[in-house]
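Shown next, in structure tokens, is the structure this report addresses.
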């Protein structure tokens, strides 16, 4: 684990213990929890959450019986200004590729069928009912 990753993890633990996480972190975690429950309802098996490699991270790694799926979850309290999925930048895609490659390498699973998905979660404050959208195989190349 790099010094930066170690610092980030310690920062997260400190604030988690104090229950003073910034609102955007709480919202993101809640969105990831909702996405996991939704995936499980679709009979998709969760292999790992929040996998880190150096500075790269994958929110959810799952398996649908055919492919390993690397999933980025984007959560917003509204889509008034933009859709959550629009926040997946070229840099984030590169980070996902890097983390996915490391995850596969560590498990000697290179060459396995894979897919990169985005799950968009909008949690309107007015209703509290999540709006979930799955975008399958949304990117392969940078």
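The values are calculated or read from the model by the stated rules, or taken from the named source; none is laboratory data. What you see is a predicted model; the values in this text were computed from it and never measured. Using ideal geometry, Cβ is built from the backbone for each residue, glycine included, and neighbour counts are taken over all protein chains shown.
Is region 41-58 home to any residue that is closer than 19 Å to residue 140 by Cβ and outside any loop (DSSP other than H, G, I, E, B)?
Scanning region 41-58 turns up at least one residue that is closer than 19 Å to residue 140 by Cβ and outside any loop (DSSP other than H, G, I, E, B).
Any residue in region 8-33 that's more than 23 Å from residue 122 (Cα to Cα): show its pairings with residues that are modelled with pLDDT under 75 and not in a helix (DSSP H, G or I) at Cβ separation under 6 Å, as long as the two are six or more apart or on different chains.
15/21
Does region 68-92 hold any residues that are farther than 21 Å from residue 121 by Cβ and surrounded by 16 or more Cβ atoms within 10 Å (Cβ to Cβ), and which are they?
68
Count, please, the residues in region 74-92 that happen to be touching a strand residue (DSSP E or B) at 6+ places or on another chain (Cβ under 9 Å) and assigned to a helix (DSSP H, G or I).
Total meeting the criteria: 5.
Which of the residues that make up region 93-142 are within 18 Å of the chain's Cα centre (by Cα), part of a loop (DSSP other than H, G, I, E, B) and surrounded by 11 or more Cβ atoms within 10 Å (Cβ to Cβ)?
123, 130, 136, 137, 138, 139
Might you let me know whether region 11-24 holds any residue that is under 21 Å from residue 131 (Cβ atoms), assigned to a helix (DSSP H, G or I) and either at pLDDT 80 or above or over 11 Å from the mean Cα position of the chain (by Cα) (or both)?
Scanning region 11-24, I find at least one residue that is under 21 Å from residue 131 (Cβ atoms), assigned to a helix (DSSP H, G or I) and either at pLDDT 80 or above or over 11 Å from the mean Cα position of the chain (by Cα) (or both), so the answer is yes.
Is one or more of the residues making up region 46-59 surrounded by 18 or more Cβ atoms within 10 Å (Cβ to Cβ) and out of contact with any strand residue (DSSP E or B) (no Cβ under 9 Å at 6 or more places or on another chain)?
yes
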